[in-house]
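Reading through the structure tokens given below for one structure.
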């Protein structure tokens, strides 16, 4: 193997990692921007974990609201998390993955019942999805958000 072939064999993985980092960061930034905009639009419709609330009136109707999302980590973050797993500590590259998944699931729950006044008894369930044997997984998380969408009677 001559020196040119050696440089090419070393450069290709580095270029792929850099491209993965840039593309993954761009996708994550765009997703966060979308989440922030949608959260601002639904800010007045609270999702709370309690079973009761200080209602402005009697409850007219209630129904189940459900939102689910599956989010995967990019290969660059998986690569970085491998180093963190060697030395221990918080895997920060996965923290944003979990944050985005939770926030997106709650938004989808609200969007499943968009005319509700509030969402009571809101719960989040998480699970990881792995399709390999051993220690390597897909780096994918599923979050399910559900709660009771309530509609209040309005005073005439």
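Please treat every number below as a calculation from the coordinates, not as lab data. Note that the structure is a prediction, hence the values are computed from the model and not measured. Backbone-built Cβ (ideal geometry, glycine too); neighbour counts: all protein chains shown.
Order the peptides 141-147, 10-16, 37-43 from the highest to the lowest mean number of other Cβ atoms within 10 Å of their residues.
Result, highest mean first: 141-147, 37-43, 10-16.
Angle between the Cα long axis of helix 3-41 and the longest principal axis of the chain, 0 to 90 degrees, nearest 10?
10 degrees
Mind pulling the angle between the C-alpha long axis of helix 75-87 and the longest principal axis of the chain? Nearest 10 degrees, somewhere in 0 to 90.
The angle comes out at about 80 degrees.
As a footprinting exposure proxy, order 109, 85 by other Cβ within 10 Å, with the fewest listed first.
Taking fewest neighbouring Cβ atoms as first place, the list is 85, 109.
For Cα extents along the principal axes in Å, which listed value, [x] 41, 33, 30; [y] 84, 31, 25; [z] 55, 31, 30, comes from the coordinates shown?
[y]
Please state the relative contact order of the chain as a whole percent: Cα pairs under 8 Å, 6+ residues apart?
33 percent
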